[in-house]
Amino acid sequence: MKASQTMRPFISTITASVALLLGIQHNVHGQGTLHAAFDGPPTLPPGSAAGSANYVEPGQGVDVNARGGGFTRRWSGDPMFPDNWTAYIQPGQSQLLFFTYMGAGHPFAAVSVDLALHSASSLEPVTVQFTASGYSGGIIATTAFTVAGTVDSQGQPAFQTFYFPPQFHDMYYLRLTPATSLWSLDNLVIYVPEPSALALLVVGSSLLWAARRRCIHTGLEPREKHDTIH
């Protein structure tokens, strides 16, 4: 067999490994600043609402899960509720609400969030507590935001932007603890670090090493010839 023919499987394996490496870099999508606006499907008419226990923000990789109950996705348009021309969520009173990135598989940092009161029926201030947790669930940091009874020109509760302290980074879960009052949440902004070039290089080197070992083991890689003295 010619050397070029012998090398083909090895070259093909290396090519596949490099393609896999590039795929890893491409598929860890969405790094950087991500914005969960809760406007994704299913979309309902203005002023309507739908209960849910899970929601995934399309294209952002942000998951929302409720434990102990559900939450409401509400579309602006009802004169009794906040109206920012978009959809938003309203957590219940008795459940834990978790925000994760790509199924808790990657760490992220919380940047900001918009909060408003639940409806115009009560404009008493509400305090909302957020907890940052690690992969195993250990608490990294906590903070509390007080939502004032601010209303817009139509008398509907207005959204207010709150910024998380710098300790809210390298987390795997952003948790909302159960509250005694209802309220509204929109525009959660998180930051997902880019994969480091060194980490990608290590992964790539490991893939190529494994491919070369496989070729040697199967006899596909040409070995060096040594002169033999007779």
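Each reported figure results from applying straightforward, stated rules to the coordinates on display, with no laboratory input. As the structure is a computational prediction, the values presented were derived from the model and not from experiment. Cβ sites come from the backbone with ideal geometry, for glycine too, and all protein chains shown count toward neighbours.
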The residue from Gly68, Gly92, Gly77, Gly61 that alone is farther than 25 Å from Ser122 by Cβ and touching a residue at least 24 places away in the same chain (Cβ under 8 Å) is Gly61
In the set His118, His35, the lone residue that is surrounded by fewer than 16 Cβ atoms within 10 Å (Cβ to Cβ), in contact (Cβ under 8 Å) with a residue 60 or more places away in the chain and under 16 Å from Asn187 (Cα atoms) is His35
Ala144 meets each of (1) exposed (fewer than 15 other Cβ atoms within 10 Å of the Cβ); (2) touching a residue at least 24 places away in the same chain (Cβ under 8 Å); (3) small (Gly, Ala, Ser) with one exception, condition (2)
